[in-house]
Amino acid sequence: MRKEKTKVAKMQNRYVQDTQTMKKTRNRRRVALARRLMMLAVILLVVGGGITYAYTKQALVLREKEEQKVKADKELADMKKEETELKSSITKLQDDDYIAKLARSEYYLSKDGEIIFNTPSEDKNKKESSN
């Protein structure tokens with residue numbers, strides 16, 4: 001529908017001018033308010049996005065550090081176990097009877113007049129029976 005032009009003349013008195021000025025002022029204020037709210041929304045989005053990004057990045061770093069800690073704890077436990085084994089072997093190697101027994105079993109050394117017979121060990125028997 002087309003607006004028809006009316007031939008009504010506008011009054012140019014003080015009241016009409018004041019109301020037009022107030023309407024323009026209200027419109028400017030509305031536009032300024034809308035701009036401020038939009039700017040505030042953009043700032044909030046940027047800050048919220050930054051905080052979210054930092055949080056997720058720190059959470060990932062924390063998860064990686066926890067995995068490294070678990071791995072390091074496991075390695076520490078293995079090394080402590082190895083340390084106790086090495087300490088026990090050191091104390092055993094200081095015993096002359098143990099060294100003699102070890103030399104006889106590993107290197108087939110014997111005393112004078114001794115004869116060494118090799119018998120299959122239990123580990124070999126278990127391996128053969130499982131195959």
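The values are calculated or read from the model by the stated rules, or taken from the named source; none is laboratory data. Just so you know, these numbers come straight off a predicted model, no measurement behind them. Here the Cβ positions follow ideal geometry from the backbone for every residue, glycine too, while neighbour counts run over all protein chains shown. Quick note on the areas: whole protein, heavy atoms, side chains included, nothing else; ligands and nucleic acids left out. Shrake-Rupley method; radii C 1.70, N 1.55, O 1.52, S 1.80 Å.
A few notes on this one:
- Pairs with Cβ under 9 Å, 6+ apart, first in the stretch 99-121 and under 22 Å from SER88 (Cβ atoms) and at pLDDT 75 or above, second in a loop (DSSP other than H, G, I, E, B) and open to solvent by less than 100 Å² (accessible area, probe 1.4 Å): ALA100/LEU109; ALA103/LEU109; ARG104/SER110; ARG104/GLU114; ARG104/ILE116
- Test: residue in the stretch 3-22 that is of a type in the set (Gly, Ala, Ser), more than 30 Å from GLU114 (Cβ to Cβ) and surrounded by 10 or more Cβ atoms within 10 Å (Cβ to Cβ): no
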